[in-house]
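Peer 1: One structure, pasted below without further comment.
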Amino acid sequence: MSTENLPWDARAFLPADADPDLDQLRRAAAGCQGCDLYRTGTQTVFGEGPRRAQVMFVGEQPGDQEDRAGKPFVGPAGRVLDDALDELGIDRSGVYVTNAVKHFKWTGRGKRRIHSKPNAREIRACRPWLDAELEEVEPRVIVVLGATAAQALLGASFRVTQQRGKPLEGTGLAPYVVATVHPASILRAPDPETRESEGRAFVDDLRTVKHLLNTA
Ligand code: URA
Ligand code: SF4
């Protein structure tokens with residue numbers, strides 16, 4: 001099928017059903033060609049977690065391991081997230097985890113596939129999946145992990161470094177949105193001390209999220 005006449009985003013690939021459930025969405029997303037990244041990634045990595053989870057984590061895009069596994073946050077960044085959730089006593093199986101962009105974008109360097117940042121057009125193209133997930137899950141709190149997710153949900157002028165860990169109300173997305181850094185950025189810290197302090201700050205931001213859940 002030629003894609004030339006289709007709107008160049010994911011909308012054309014949404015299920016025909018007016019109110020699709022997460023399984024229908026996942027199946028439809030598996031065939032998405034809403035941007036060129038379907039050629040690059042092995043498979044669509046859709047979000048994972050219960051319908052009506054109280055909290056939804058939104059990352060950037062699947063990484064190398066997520067691309068192979070077909071599941072979000074199962075690689076090194078996922079372990080940082082898991083450790084933080086463990087420390088706070090938040091059960092990962094009770095939260096919904098997804099990404100702003102659902103295919104892995106990479107460039108080859110030898111045998112390695114190096115993560116490449118999705119651009120504004122790709123983020124926009126993939127947004128219908130995130131909107132559909134939000135509609136189904138209706139989280140009380142959205143946790144925005146890093147600049148790409150922030151760009152997708154809060155606009156390009158949002159600065160995570162200035163607003164991190166603060167509950168944002170009135171976004172129209174969920175009762176609360178909390179932005180923090182991407183867990184992969186903690187792994188890129190230049191030395192062990194910075195890594196430790198960045199890890200602390202990440203847990204502190206997520207503690208805010210936990211408090212928002214406790215007041216439910
Ligand atoms: N980084 C992300 O943003 N998402 C993943 O799923 C894995 C790594
Ligand atoms: Fe579709 Fe998103 Fe994959 Fe692009 S990145 S092909 S919009 S699922």
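Peer 1: Out of the range 187-216, which residues are assigned to a loop (DSSP other than H, G, I, E, B) and of a type outside the set (Gly, Ala, Ser)? Walk me through how you get there before you give the answer.
Peer 2: Applying the first criterion (assigned to a loop (DSSP other than H, G, I, E, B)) to the range 187-216 yields 188-191, 215-216.
Within the range 187-216, ARG188, PRO190, ASP191, THR215 meet the criteria.
Peer 1: From the list PRO118, PRO128, which residue is at pLDDT 95 or above, closer than 29 Å to ALA16 by Cβ and in a loop (DSSP other than H, G, I, E, B)?
Peer 2: On the way: PRO128 fails: in a loop (DSSP other than H, G, I, E, B).
Only one candidate qualifies: PRO118.
Peer 1: Mind checking which residues of the range 131-186 are among the aliphatic types (A, V, I, L, M) and assigned to a helix (DSSP H, G or I)? Spell out the reasoning first.
Peer 2: In the first step, residues of the range 131-186 are kept if they are among the aliphatic types (A, V, I, L, M); the result is 132, 134, 137, 141-145, 147, 149-150, 152-154, 156, 160, 168, 173-174, 177-179, 181, 184, 186.
Hits for the range 131-186 are ALA132, LEU134, VAL137, ALA147, ALA149, ALA150, ALA152, LEU153, LEU154, VAL160, ALA184, ILE186.
Peer 1: May I pose another question? Just to be sure, is PRO62 closer than 20 Å to THR148 by Cβ and open to solvent by less than 50 Å² (accessible area, probe 1.4 Å)?
Peer 2: Details: closer than 20 Å to THR148 by Cβ: yes; open to solvent by less than 50 Å² (accessible area, probe 1.4 Å): yes.
It is true that PRO62 is closer than 20 Å to THR148 by Cβ and open to solvent by less than 50 Å² (accessible area, probe 1.4 Å).
Peer 1: Still on this structure, please answer the following. Could you list all residues from the range 17-53 that are in contact with a His (Cβ under 9 Å, 6 or more places away or on another chain), assigned to a helix (DSSP H, G or I) and near ligand 2 (Cβ under 8 Å from one of its atoms)?
Peer 2: Scanning the range 17-53 gives LEU37, TYR38.
Peer 1: Looking for something within 11 Å of ligand 1 (Cβ to nearest atom), of a type outside the set (A, V, I, L, M, F, W, C) and modelled with pLDDT of 95 or more - is there at least one such residue anywhere in the range 27-34? Before the answer, list the steps.
Peer 2: Within the range 27-34, the subset within 11 Å of ligand 1 (Cβ to nearest atom) is none.
No, the range 27-34 contains no residue that is within 11 Å of ligand 1 (Cβ to nearest atom), of a type outside the set (A, V, I, L, M, F, W, C) and modelled with pLDDT of 95 or more.
Peer 1: A follow-up question, please. Of the residues ARG140, ARG92, ARG109, which is farther than 21 Å from LEU213 by Cα and open to solvent by 20 Å² or more (accessible area, probe 1.4 Å)?
Peer 2: Details: ARG140 fails: farther than 21 Å from LEU213 by Cα; ARG92 fails: farther than 21 Å from LEU213 by Cα.
Residue meeting the stated conditions: ARG109.
Peer 1: Could I ask something else about it? If I ask for residues that are part of a helix (DSSP H, G or I) and near ligand 1 (Cβ under 6 Å from one of its atoms), which ones from the range 62-77 would you list?
Peer 2: Initial filter on the range 62-77 (part of a helix (DSSP H, G or I)): 64-69, 76-77.
Listed by number, the residues that qualify are GLU66, ALA77.
The values are calculated or read from the model by the stated rules, or taken from the named source; none is laboratory data. Predicted, not measured: the structure shown is a model, and the values here were computed from it. Cβ atoms come from the backbone with ideal geometry, glycine included; neighbour counts cover every protein chain shown. Side chains included, ligands, DNA and RNA excluded: accessible areas come from the protein's heavy atoms. Shrake-Rupley method; radii C 1.70, N 1.55, O 1.52, S 1.80 Å.
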